[in-house]
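Encoded as structure tokens, the structure appears first; notes follow it.
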Amino acid sequence: MDILKTMETALSELHEAGNYRVFAELERHCNDFPKATFYDDAGETRDVTVWCSNDYLGMGQNPVVTGRMTEIIQKCGAGAGGTRNISGTNHYHVMLERELADLHDKEAALIFTSGYVSNWAALGTLLSKIPGIIVYSDALNHASMIEGIRHSRCTKRLFRHNDPEHLAELMAADDPNAPKLVAFESVYSMDGDIAPIEAICDVADRFGAITYLDEVHAVGMYGPRGGGVAEREGLMDRLTVIEGTLGKAFGVMGGYITGPEVLVDFVRSFASGFIFTTALPPALAAGATASIRYLKESSAERDAHKANVAKVRAALNARGIPHMENPSHIVPVMVGNASKCKWISDVLMTDFGIYVQPINYPTVPVGTERLRITPTPLHTEADIRHLSGALCSLWSQCALARAVA
Ligand code: PMP
């Protein structure tokens with residue numbers, strides 16, 4: 001078999017299905033968030049406004065964070081110099097883990113190189129090392145959780161998305177003595193809907209299960225100190241593990257779990273995805289700590305962000321641009337056709353200086369292709385008018401249906 005030929009065939013199938021991913025080459029700028037320079041295929045540049053970043057609050061360019069990173073890079077150097085076990089544990093990693101445990105009101109925390117790795121490594125370890133454990137996984141859980149679960153090879157049940165009654169039915173059918181873990185998210189990234197956390201915890205308690213909540217799209221964003229939806233709803237103590245990222249609202253990079261001391265120590269001691277990899281750069285850990293501390297104290301960014309999300313929704317409503325109503329900060333503008341979605345995204349970039357990545361199958365189901373818009377506190381009224389006006393004109397050009405106000 002010609003291995004490279006097999007790869008070529010697989011890639012041309014992606015092209016034919018319209019699912020080949022093209023990355024927009026950007027240069028982001030400090031002091032100018034959410035603007036960026038876009039480099040096209042010919043190397044030409046143009047200024048664009050980014051409307052699809054997960055740096056939800058602009059903390060990646062906040063001087064509190066960049067200043068701290070600069071200071072620590074000068075003090076400690078570029079890299080950690082080793083795995084956590086062999087010379088790589090820096091004072092700033094330890095400080096960050098303390099900060100995270102405090103943020104979620106848990107006994108301990110452990111950081112990983114990304115949110116993806118934290119889910120994959122923590123779930124993979126917990127579920128493979130506890131004999132007979134059964135995992136109950138929300139049907140729309142993120143790929144990182146799915147891969148961790150798959151890697152563990154434990155018994156798996158999928159419960160219907162955000163459906164505690166279905167979860168209860170599945171649990172009732174299983175051995176009451178089997179150890180159980182429920183894995184779910186708070187804010188789901190593509191639809192922006194929010195889990196009924198309390199109802200899911202009630203079911204988990206009834207059947208003696210431990211709970212694992214991914215708050216990747218919620219940390220820094222919800223709750224009086226940015227502790228996530230569980231903090232906002234006073235439910236942090238109902239969750240065994242709260243997992244999050246340092247790469248979205250906190251603006252840096254890395255992932256983490258928080259939970260009981262013994263569980264965190266267990267993952268620290270057995271997870272190969274934690275043990276056998278170089279630790280995060282100390283400057284990054286210090287920058288993330290500064291970001292978390294800042295957002296614990298300041299609600300100004302969260303408040304301004306909420307106001308801007310409402311303004312974007314109102315502007316879209318006024319123009320009849322259909323978008324999914326949900327209780328979060330994610331605004332999915334529904335196109336419902338892969339090639340139109342890609343075309344709109346391309347023309348927004350070239351003709352309007354607006355960057356929104358198209359979201360097509362397999363990330364979302366066929367027929368629900370969309371532009372996932374993520375307003376930030378730093379988009380201006382003029383930016384919002386420009387976005388809604390551009391969408392309005394492209395909607396007409398594509399003969400797409402309008403939403404009825
Ligand atoms: N969980 C969810 C729900 C996510 O959407 C993502 C990434 N988009 C991750 C985990 C992975 O986080 P990170 O980007 O830090 O790897």
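The values are calculated or read from the model by the stated rules, or taken from the named source; none is laboratory data. Given the structure is predicted, the values throughout are model-derived calculations rather than measurements. A quick note on method: Cβ atoms are made from the backbone with ideal geometry, for glycine too, and the neighbour counts reach across all protein chains shown. The protein model used for the area step is the full one, side chains on, heavy atoms only, and it has no ligands, DNA or RNA in it. Shrake-Rupley method; radii C 1.70, N 1.55, O 1.52, S 1.80 Å.
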field: Calculated SAXS-style log₁₀ I(q)/I(0) at q = 0.12, 0.17, 0.25, 0.27 Å⁻¹ - the range 239-320, Debye, Cα scatterers
entry: -0.55, -0.86, -1.23, -1.27
- prompt: Could you give the length gained on full extension between Asp202 and Cys392, defined as 0.36 nm per residue of separation minus the Cα-Cα distance, in nm?
  reply: 63.9 nm
statement: Counting only DSSP beta bridges fully inside the chain, the antiparallel percentage to nearest 5 is 60 percent
message: How far apart, in nanometres, would the label points at Arg46 and Ser269 be if each is projected 7 angstrom from Cα along the Cα-to-Cβ direction?
response: 5.8 nm
statement: Links exceeding 32 Å between C-alpha atoms in this model, out of Lys35/Lys342; Lys156/Lys306; Lys296/Lys340; Lys156/Lys296, come to Lys156/Lys306; Lys296/Lys340; Lys156/Lys296
message: With unit charges on the beta carbons (Lys and Arg positive, Asp and Glu negative) and the dipole taken about the Cα centre of the chain, which residue among Ile72, Tyr188, Cys52 sits farthest to the positive side?
response: Ile72
task: List the equivalent ellipsoid semi-axes of the range 63-297 in whole Å, largest first, each obtained as the square root of 5λ for an eigenvalue λ of the Cα gyration tensor.
output: 31, 20, 13
statement: Amide H contacts under 5 Å for Glu25, restricted to residues at least 5 apart in sequence or on another chain and with H modeled in the peptide plane, are Tyr39
- line: For Asp303, Asp193, the accessible-area ranking with a 1.4 Å probe, largest leading, is Asp303, Asp193
statement: Of 282-289, 132-139, ordering from highest average Cβ density within 10 Å down gives 282-289, 132-139
field: By accessible area with a 1.4 Å probe, ligands and nucleic acids excluded, highest first: order of Asp174, Asp32
entry: Asp32, Asp174
statement: Quick tally, 1.4 Å probe accessible area for Tyr222, Tyr361, sorted with the most first, runs Tyr361, Tyr222
- line: Of 57-65, 382-390, ordering from highest average Cβ density within 10 Å down gives 57-65, 382-390
- request: Hey, can you find the accessible area per residue of the chain for me, probe 1.4 Å, expressed in square angstrom?
  value: 44 Å²
- line: Taking a crude spin-label model, label points 7 Å out from Cα along the C-beta direction, the Phe276 to Ile3 distance in nm is 2.0 nm
- line: About its Cα centre, the range 163-317 carries a charge dipole, from +1 on Lys and Arg Cβ atoms and -1 on Asp and Glu Cβ atoms, whose size in debye to the nearest 20 is 840 debye
Alpha-carbon Debye profile of the range 262-362, log10 I(q)/I(0) at 0.11, 0.17, 0.23, 0.24 Å⁻¹: -0.67, -0.97, -1.17, -1.23
statement: Rg (one decimal) and Dmax (whole number) from the Cα set of the chain, in Å, equal 21.8, 63
statement: Simple SL model, points at 7 angstrom along Cα→Cβ for Glu325 and Glu165; separation in nm is 2.2 nm
